[in-house]
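J.: Starting off with a structure, shown below.
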Amino acid sequence: MPEDISHPVFARIYPRIERFALTHGAAAHREELLDGAGGRILEIGVGTGANIPFYPPAVESLVAVEPEPRLRARAQRASEEAPFPVEVVPGRAEQLPFPDDAFDTVIVSLVLCSVRDVDRAVTEIRRVLRPDGHLRFYEHIRSDRPRFARMQRSLDLIWPRLGGNCHLSRDPESALVRNGLAVETVRHFDFAINGRLNPSSPCAIGRASAE
Ligand SMILES: C[S@@+](CC[C@H](N)C(=O)[O-])C[C@H]1O[C@@H](n2cnc3c(N)ncnc32)[C@H](O)[C@@H]1O
């Protein structure tokens with residue numbers, strides 16, 4: 001049985017942040033992330049299951065990995081509404097409990113910021129993806145504006161302790177490329193809520209495939 005990652009305070013607060021974000025723009029981001037997704041899908045770090053209502057009904061099956069037990073229980077409840085089979089399981093991105101080439105599509109949304117080891121997580125994503133499969137990602141990222149990026153780096157001294165190991169200054173696209181995935185499409189944007197930027201506003205939504 002994989003070891004859980006316990007973040008009780010984050011697990012209590014995050015669902016409220018997520019609901020607020022959903023009604024202020026994140027619903028459209030999740031739709032964009034999952035538009036046309038199909039086949040056998042793995043979602044890593046599914047959280048409360050916020051993406052589940054946004055999957056196309058034609059999905060063949062969804063396996064949803066979540067290491068935080070309280071969030072996993074919420075995802076389990078969310079999965080009961082889905083019009084396709086969903087299995088919610090414990091596990092970590094760095095050591096996925098699945099054989100090679102097991103999935104057509106892997107989904108990460110707002111997760112590569114939080115994993116302990118991004119390179120191992122991407123290596124695992126590549127391993128479990130079919131050779132012609134795709135990773136779809138929605139992540140907040142390090143800003144390409146130097147002053148903003150400096151502010152993110154400074155905040156990263158405390159932010160991970162408050163936000164379930166979430167880091168502001170990571171560059172997930174570099175990690176994908178470094179570990180053998182090719183970014184095919186990506187859209188960079190600022191997710192400004194009510195016109196206001198916050199430290200996690202710089203975002204990317206895209207697709208990557210094994211080279
Ligand atoms: C900011 S939340 C995002 C949740 C969800 N993906 C979403 O889009 O709302 C980060 C998630 O990553 C999970 N997580 C943290 N470390 C992880 C790891 N090593 N492997 C897999 N998931 C992890 C957390 O438990 C949490 O559910």
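Bear in mind that the values in this text are calculations on the coordinates, not laboratory data. Source: prediction; values computed, not measured. Every residue, glycine as well, gets a Cβ built from its backbone with ideal geometry; the counts of neighbours run over all protein chains shown.
J.: Looking only at residues that are in a loop (DSSP other than H, G, I, E, B) and closer than 19 Å to residue 16 by Cβ in region 59-92, which one is farthest from the ligand (Cβ to nearest atom)? Please lay out each step first, then the result.
T.: So the first thing to find is which residues in region 59-92 are in a loop (DSSP other than H, G, I, E, B), and the list is 59-60, 66-68, 80-85, 90-91.
Still in the running and closer than 19 Å to residue 16 by Cβ: 66, 68.
Values: 66: 6, 68: 4 Å.
Filtering region 59-92 for residues that are in a loop (DSSP other than H, G, I, E, B) and closer than 19 Å to residue 16 by Cβ, the one farthest from the ligand (Cβ to nearest atom) comes out as 66.
J.: What number goes with the only condition from (1) buried (at least 18 other Cβ atoms within 10 Å of the Cβ); (2) within 13 Å of the ligand (Cβ to nearest atom) that residue 97 does not pass?
T.: (1)
J.: Which one of the conditions (1) charged (D, E, K, R); (2) within 16 Å of the ligand (Cβ to nearest atom); (3) surrounded by 13 or more Cβ atoms within 10 Å (Cβ to Cβ) does residue 207 fail to meet, given that it meets all the rest?
T.: Only one criterion is unmet by residue 207, namely (2).
J.: Another question, then. Inside region 48-58, can you point out the residues that are part of a loop (DSSP other than H, G, I, E, B) and under 19 Å from residue 16 (Cβ atoms)? If you could, list the steps in order and put the result at the bottom.
T.: Filtering region 48-58 for residues part of a loop (DSSP other than H, G, I, E, B) gives 48-51, 55-58.
Passing the criteria: 48, 49, 50, 51.
J.: Kindly establish whether residue 125 is within 22 Å of residue 1 (Cα to Cα), within 17 Å of the chain's Cα centre (by Cα), within 16 Å of the ligand (Cβ to nearest atom) and β-branched (Val, Ile, Thr).
T.: On the way: within 22 Å of residue 1 (Cα to Cα): yes; within 17 Å of the chain's Cα centre (by Cα): yes; within 16 Å of the ligand (Cβ to nearest atom): yes; β-branched (Val, Ile, Thr): yes.
Criteria met by residue 125.
J.: Just give me the residues in region 4-57 being hydroxyl-bearing (Ser, Thr, Tyr) and in contact with a strand residue (DSSP E or B) (Cβ under 7 Å, 6 or more places away or on another chain), in sequence order.
T.: Taking region 4-57 as the starting set, the residues that turn out to be hydroxyl-bearing (Ser, Thr, Tyr) are 6, 14, 23, 48, 55.
The one that is hydroxyl-bearing (Ser, Thr, Tyr) and in contact with a strand residue (DSSP E or B) (Cβ under 7 Å, 6 or more places away or on another chain): 55.
Residue-wise test of (1) farther than 24 Å from residue 115 by Cβ; (2) more than 15 Å from the chain's Cα centre (by Cα); (3) among the charged types (D, E, K, R).
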{"site": "11", "(1), (2), (3)": "no, yes, no"}
{"site": "30", "(1), (2), (3)": "no, no, yes"}
{"site": "40", "(1), (2), (3)": "no, yes, yes"}
{"site": "68", "(1), (2), (3)": "no, no, yes"}
{"site": "87", "(1), (2), (3)": "no, yes, yes"}
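J.: Next up: Could you say which residue among 37, 50, 28 is surrounded by 15 or more Cβ atoms within 10 Å (Cβ to Cβ), closer than 17 Å to residue 137 by Cβ, away from the ligand (no atom under 12 Å from the Cβ) and of a type outside the set (Lys, Arg)?
T.: Numbers: 50 fails: away from the ligand (no atom under 12 Å from the Cβ); 28 fails: surrounded by 15 or more Cβ atoms within 10 Å (Cβ to Cβ).
The unique qualifying residue is 37.
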